[in-house]
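Worksheet: the structure to be examined is printed underneath.
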Amino acid sequence: MTFFDEHLKKGSFQICHCNNCDQNLWPPKEICHICNEETEWSESMNVGKIIEFSKKNSSYFGMIELKEKIRVMGEIFSNDEPKIGQNVTMKAFFDTRPHYSFTVENN
């Protein structure tokens, strides 16, 4: 299991950052694909905005841009139909694979 997966299993979504390039990397990598320097890890703030979404049956899912400027797909929970640009809070975990879900703020 990777560093990222181990932390995700504990509910902590880690952001991979290259200090040399000043870039957040997604998917996470231990070596930067731009400059080949080692990367560092920090915990995400777990907040972002809806970039796009769709609906399947009664469930919403979509692309979220986190505050750290990476994009993640996952299920969206909202009392009403979500809207592009709405703020969301992320819950991330790992069982047999990573799972990401987002709750619309002020829901």
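Entry remark, segment 60-70: residues being surrounded by 13 or more Cβ atoms within 10 Å (Cβ to Cβ) and within 11 Å of the chain's Cα centre (by Cα) number 7 in total.
What are the residues in segment 45-62 that are closer than 17 Å to Asn79 by Cα and not charged (D, E, K, R), if any? The answer is Ile50, Phe53, Ser54, Asn57, Ser58, Ser59, Tyr60, Phe61, Gly62. Asn106 satisfies every condition listed in (1) outside any strand (DSSP E or B); (2) touching a Lys or Arg at 6+ places or on another chain (Cβ under 8 Å) except (2).
Read-outs throughout are calculated quantities, based only on the coordinates presented, and are distinct from any laboratory measurement. Computed from a predicted model, the values in this text were never measured in an experiment. Virtual Cβ from ideal backbone geometry, glycine too; neighbours counted across all protein chains shown.
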